[in-house]
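Chemist: Dropping a structure here in structure tokens format, bear with me for questions.
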């Protein structure tokens, strides 16, 4: 197998792993990845505006708003106007939203983060550089992509 084929196979394996996890997430929690990212951010940031959510998750405000609309329709979040500044709207998880967040499968990247952080600094830099180069080669460097969920030592129920 030629080197470019090896890279393409590895990329397909990554895409397949993400797809399988997305299906599992949808089946078990009824959520999409971006919905879970926003719900986790709302939980972690607590009193948070749509702009702050957008910045924190690397999503456009329009995308975040559309996803929040869907979550609100399912009674997973509520929007509350700030008492002091009526222009600001904060997103809060409902009890149903918190339950859905707690029942969602663990993030796909949890094992990846552990393994990545155990690499030497130079290996981490090499991987980052290589993956960024691949993104450029695939004309993907300008595509919006929410960061993966942060892995913390606290579970959601402990917070």
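Since every read-out is calculated from the coordinates, none of them should be taken as a lab result. As the structure is a prediction and not an experimental result, all values here were calculated from the model. When we count neighbours, we look across all protein chains shown, and the Cβ atoms used for this are built from the backbone with ideal geometry, even at glycine.
Chemist: What translational D, rounded to a whole number of µm²/s, comes out for the chain from Stokes-Einstein when the hydrodynamic radius is the Kirkwood one over Cα pairs, at 4 °C and 1.567 mPa s? Please list the in-between numbers first.
Modeler: Numbers: Rh = 17.6 Å.
D = 74 µm²/s.
Chemist: If I take every Cα pair under 8 Å that is 6 or more residues apart in the chain, average their sequence separation and divide by the length, what percent do I get for the relative contact order? Mind showing how you got there, number by number?
Modeler: Values: 133 pairs, mean separation 38.5, N = 159.
Answer for the chain is 24 percent.
Chemist: Here is a follow-up. How fast does segment 71-139 diffuse by Stokes-Einstein, in µm²/s, taking the Kirkwood radius from C-alpha pairs at 25 °C and 0.890 mPa s? Mind showing how you got there, number by number?
Modeler: Working: Rh = 16.0 Å.
In µm²/s, the coefficient is 153.
Chemist: Taking the Cα atoms only, what angle lies between the long axis of helix 61-73 and the longest principal axis of the chain, rounded to 10 degrees?
Modeler: The angle comes out near 60 degrees.
Chemist: What ranking, highest mean first, results for peptides 60-67, 35-42 when packing means the other Cβ atoms within 10 Å averaged over each residue?
Modeler: On the way: 60-67: 15.5, 35-42: 24.1.
Highest-to-lowest ranking by the protection proxy: 35-42, 60-67.
Chemist: Looking only at 106, 27, 86, which one moves most when the chain is put into a Gaussian network model with springs between Cα atoms under 10 Å?
Modeler: 86
Chemist: Just to confirm the number: angle between the C-alpha axis of helix 121-137 and the first principal axis of the chain, 0 to 90 degrees, nearest 10?
Modeler: 90 degrees
Chemist: Measure nothing fancy, just the Cα-based angle from helix 33-45's long axis to the longest principal axis of the chain, in degrees from 0 to 90, nearest 10.
Modeler: 60 degrees
Chemist: Now for a different question. Please report the relative contact order for segment 1-83, taking Cα pairs under 8 Å with a sequence separation of at least 6, and give it as a percent rounded to a whole number.
Modeler: Details: 32 pairs, mean separation 14.5, N = 83.
Relative contact order of segment 1-83: 17 percent.
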